[in-house]
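Beneath this line is the structure, given in C-alpha coordinates, with notes to follow.
The values are calculated or read from the model by the stated rules, or taken from the named source; none is laboratory data. What you see is a predicted model, and the numbers here were worked out from it, not measured in a lab. Because the Cβ atoms are built from the backbone with ideal geometry, glycine has one as well, and the counts that use them run over all protein chains shown.
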Amino acid sequence: MTKVLFNTGLSESNAKKRDFILTACKKIKLTKDLDLLEVGIGNGRCGSFLANKFKSYDGFDPDEEYVELAKRSLSQSSKAKYVVGVAESIPFDKKYDVVLFAYSFHFTKFGKAWSEVINHLKDKGLVIVLEPDEFIKKWADPVLTEGAPEFDQKKLDLKKGQIRSAKQFLEIQPELKIIDSGSFDDTNYWILRK
(Lines give C-alpha, C1' and ligand atoms only; values in the text may rest on other atoms or scores of the structure.)
Protein backbone atom coordinates (compact mmCIF):
# COMPACT_ATOMS: atom_id res chain seq x y z
CA MET A 1 0.00 0.00 0.00
CA THR A 2 1.26 3.47 -0.85
CA LYS A 3 1.41 5.77 2.16
CA VAL A 4 0.15 9.33 2.00
CA LEU A 5 3.07 11.37 3.30
CA PHE A 6 2.44 14.85 4.63
CA ASN A 7 4.98 17.65 4.59
CA THR A 8 6.75 17.65 7.97
CA GLY A 9 8.56 20.92 7.26
CA LEU A 10 7.33 24.32 8.34
CA SER A 11 5.47 25.19 5.16
CA GLU A 12 3.00 28.08 5.12
CA SER A 13 0.15 25.62 5.68
CA ASN A 14 1.94 23.86 8.55
CA ALA A 15 2.88 27.20 10.14
CA LYS A 16 -0.79 28.14 10.13
CA LYS A 17 -1.71 24.83 11.79
CA ARG A 18 1.08 25.27 14.35
CA ASP A 19 0.00 28.79 15.22
CA PHE A 20 -3.63 27.75 15.52
CA ILE A 21 -2.78 24.88 17.88
CA LEU A 22 -0.42 26.99 20.01
CA THR A 23 -2.99 29.79 20.31
CA ALA A 24 -5.66 27.28 21.36
CA CYS A 25 -3.35 25.76 23.99
CA LYS A 26 -2.57 29.16 25.48
CA LYS A 27 -6.22 29.28 26.60
CA ILE A 28 -5.13 27.13 29.55
CA LYS A 29 -1.46 28.08 30.12
CA LEU A 30 1.90 28.50 28.44
CA THR A 31 2.63 25.57 26.16
CA LYS A 32 6.03 24.92 27.77
CA ASP A 33 4.08 23.79 30.86
CA LEU A 34 1.66 21.50 28.99
CA ASP A 35 1.68 17.76 28.33
CA LEU A 36 0.25 17.01 24.88
CA LEU A 37 -0.96 13.73 23.37
CA GLU A 38 -1.39 13.46 19.61
CA VAL A 39 -3.79 10.74 18.45
CA GLY A 40 -2.98 9.48 14.95
CA ILE A 41 0.46 10.95 14.21
CA GLY A 42 0.68 9.69 10.64
CA ASN A 43 4.20 10.39 9.41
CA GLY A 44 4.79 13.01 12.12
CA ARG A 45 3.67 16.24 10.50
CA CYS A 46 2.51 18.02 13.69
CA GLY A 47 5.16 16.66 16.05
CA SER A 48 7.93 17.88 13.78
CA PHE A 49 6.93 21.50 14.32
CA LEU A 50 5.18 21.31 17.72
CA ALA A 51 6.99 18.84 19.99
CA ASN A 52 9.61 21.20 21.39
CA LYS A 53 6.99 23.82 22.27
CA PHE A 54 5.52 21.56 25.00
CA LYS A 55 6.65 20.08 28.32
CA SER A 56 6.01 16.63 26.81
CA TYR A 57 4.69 15.48 23.45
CA ASP A 58 3.51 11.87 23.15
CA GLY A 59 1.87 10.44 20.08
CA PHE A 60 0.77 7.21 18.51
CA ASP A 61 -0.59 5.73 15.32
CA PRO A 62 -1.94 2.25 14.52
CA ASP A 63 0.38 2.00 11.50
CA GLU A 64 3.88 0.82 12.44
CA GLU A 65 5.39 2.14 9.20
CA TYR A 66 3.97 5.63 9.87
CA VAL A 67 5.37 5.56 13.41
CA GLU A 68 8.84 4.72 12.08
CA LEU A 69 8.60 7.51 9.50
CA ALA A 70 7.47 9.93 12.23
CA LYS A 71 10.41 8.99 14.45
CA ARG A 72 12.81 9.63 11.56
CA SER A 73 11.27 13.08 10.95
CA LEU A 74 12.19 14.29 14.45
CA SER A 75 15.26 16.32 15.28
CA GLN A 76 17.80 14.88 17.72
CA SER A 77 16.64 17.32 20.40
CA SER A 78 12.93 16.56 20.00
CA LYS A 79 10.85 15.82 23.08
CA ALA A 80 8.41 13.67 21.12
CA LYS A 81 7.80 10.06 22.07
CA TYR A 82 6.04 7.96 19.42
CA VAL A 83 4.63 4.44 19.71
CA VAL A 84 2.24 2.14 17.85
CA GLY A 85 -1.27 2.19 19.32
CA VAL A 86 -4.95 2.87 18.75
CA ALA A 87 -7.29 5.58 20.02
CA GLU A 88 -9.63 3.00 21.51
CA SER A 89 -6.86 1.82 23.87
CA ILE A 90 -4.42 4.70 24.41
CA PRO A 91 -0.91 3.25 24.88
CA PHE A 92 0.24 5.75 27.53
CA ASP A 93 -0.51 5.62 31.24
CA LYS A 94 -0.64 9.36 31.81
CA LYS A 95 -3.04 12.32 31.90
CA TYR A 96 -2.61 15.20 29.45
CA ASP A 97 -3.43 18.89 29.37
CA VAL A 98 -4.11 18.71 25.63
CA VAL A 99 -5.19 15.90 23.32
CA LEU A 100 -4.78 16.63 19.62
CA PHE A 101 -6.53 14.87 16.75
CA ALA A 102 -4.91 16.31 13.62
CA TYR A 103 -7.03 14.92 10.76
CA SER A 104 -7.40 11.58 12.54
CA PHE A 105 -10.65 11.59 14.53
CA HIS A 106 -12.76 10.37 11.61
CA PHE A 107 -10.67 7.16 11.53
CA THR A 108 -11.56 6.18 15.11
CA LYS A 109 -14.42 4.27 16.70
CA PHE A 110 -15.83 7.49 18.14
CA GLY A 111 -17.45 6.36 21.38
CA LYS A 112 -14.61 4.14 22.62
CA ALA A 113 -11.91 6.58 21.51
CA TRP A 114 -13.75 9.46 23.21
CA SER A 115 -13.99 7.52 26.49
CA GLU A 116 -10.25 6.83 26.35
CA VAL A 117 -9.47 10.48 25.66
CA ILE A 118 -11.60 11.64 28.58
CA ASN A 119 -9.82 9.15 30.86
CA HIS A 120 -6.44 10.54 29.76
CA LEU A 121 -7.40 14.24 29.94
CA LYS A 122 -6.59 16.36 32.99
CA ASP A 123 -9.31 18.46 34.62
CA LYS A 124 -9.92 21.59 32.53
CA GLY A 125 -7.86 19.99 29.74
CA LEU A 126 -8.45 20.67 26.06
CA VAL A 127 -9.19 18.42 23.13
CA ILE A 128 -8.33 19.99 19.78
CA VAL A 129 -9.80 18.28 16.73
CA LEU A 130 -8.78 19.27 13.21
CA GLU A 131 -10.67 17.49 10.44
CA PRO A 132 -10.60 17.90 6.67
CA ASP A 133 -13.51 19.72 5.10
CA GLU A 134 -15.47 17.16 3.11
CA PHE A 135 -15.57 19.52 0.11
CA ILE A 136 -11.81 19.68 -0.46
CA LYS A 137 -11.07 19.79 -4.17
CA LYS A 138 -7.53 18.37 -4.00
CA TRP A 139 -6.88 15.70 -1.36
CA ALA A 140 -3.43 14.53 -0.25
CA ASP A 141 -4.42 11.08 -1.51
CA PRO A 142 -5.11 11.24 -5.27
CA VAL A 143 -7.59 8.36 -4.91
CA LEU A 144 -9.92 10.95 -3.33
CA THR A 145 -9.33 13.72 -5.88
CA GLU A 146 -11.85 13.90 -8.71
CA GLY A 147 -10.09 14.04 -12.08
CA ALA A 148 -6.95 12.24 -10.86
CA PRO A 149 -6.15 9.01 -12.74
CA GLU A 150 -6.38 7.04 -9.47
CA PHE A 151 -9.73 8.59 -8.44
CA ASP A 152 -12.19 6.20 -6.74
CA GLN A 153 -15.71 7.57 -6.14
CA LYS A 154 -16.55 4.88 -3.57
CA LYS A 155 -13.50 5.78 -1.47
CA LEU A 156 -14.35 9.49 -1.68
CA ASP A 157 -17.95 8.79 -0.60
CA LEU A 158 -16.67 6.67 2.31
CA LYS A 159 -14.25 9.43 3.40
CA LYS A 160 -16.98 12.08 3.26
CA GLY A 161 -19.28 9.83 5.29
CA GLN A 162 -16.58 9.33 7.94
CA ILE A 163 -16.01 13.07 8.17
CA ARG A 164 -19.73 13.83 8.47
CA SER A 165 -20.15 11.18 11.18
CA ALA A 166 -17.16 12.55 13.12
CA LYS A 167 -18.58 16.07 12.94
CA GLN A 168 -22.00 14.89 14.15
CA PHE A 169 -20.43 13.01 17.06
CA LEU A 170 -18.37 16.01 18.14
CA GLU A 171 -21.36 18.33 18.00
CA ILE A 172 -23.57 16.15 20.22
CA GLN A 173 -21.17 14.40 22.63
CA PRO A 174 -22.14 15.45 26.18
CA GLU A 175 -18.85 14.98 28.06
CA LEU A 176 -16.84 18.01 26.92
CA LYS A 177 -17.88 21.58 26.28
CA ILE A 178 -17.19 23.03 22.84
CA ILE A 179 -15.48 26.36 23.53
CA ASP A 180 -14.71 27.16 19.90
CA SER A 181 -15.38 25.69 16.47
CA GLY A 182 -15.12 26.86 12.92
CA SER A 183 -12.92 26.47 9.87
CA PHE A 184 -9.82 27.75 8.15
CA ASP A 185 -8.46 26.77 4.74
CA ASP A 186 -9.74 23.21 4.10
CA THR A 187 -9.93 22.41 7.82
CA ASN A 188 -12.82 22.25 10.28
CA TYR A 189 -11.88 22.53 13.95
CA TRP A 190 -13.32 22.03 17.41
CA ILE A 191 -11.74 23.04 20.71
CA LEU A 192 -13.37 21.27 23.64
CA ARG A 193 -12.78 21.57 27.38
CA LYS A 194 -13.23 19.06 30.18
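Quick notes on this one:
- Failed criterion for LYS27 (all others in (1) surrounded by 16 or more Cβ atoms within 10 Å (Cβ to Cβ); (2) assigned to a loop (DSSP other than H, G, I, E, B); (3) out of contact with any helix residue (DSSP H, G or I) (no Cβ under 7 Å at 6 or more places or on another chain) hold): (1)
- The condition (being more than 18 Å from LYS17 (Cβ to Cβ), assigned to a helix (DSSP H, G or I), aliphatic (A, V, I, L, M) and under 16 Å from the mean Cα position of the chain (by Cα)) is satisfied by just one residue among VAL117, VAL83: VAL117.
- In the set (1) at pLDDT 90 or above; (2) touching a Lys or Arg at 6+ places or on another chain (Cβ under 6 Å), ALA24 fails one condition alone, (2).
- Within segment 30-64, the set of residues being in contact with a Phe, Trp or Tyr (Cβ under 6 Å, 6 or more places away or on another chain), assigned to a loop (DSSP other than H, G, I, E, B) and farther than 22 Å from ILE118 by Cβ comprises GLY42, ASN43.
- Whether a residue is modelled with pLDDT under 95 and either surrounded by fewer than 17 Cβ atoms within 10 Å (Cβ to Cβ) or over 23 Å from CYS46 (Cβ atoms) (or both) was assessed, and ASP185 passes this test.
- Cβ separations smaller than 9 Å between residues 6+ apart or across chains give the following pairs from segment 97-114 residues that are closer than 24 Å to ASP19 by Cα to residues that are of a type in the set (Lys, Arg) and part of a helix (DSSP H, G or I): ALA102/LYS17; ALA102/ARG45; TYR103/ARG45; HIS106/LYS159; HIS106/ARG164; HIS106/LYS167.
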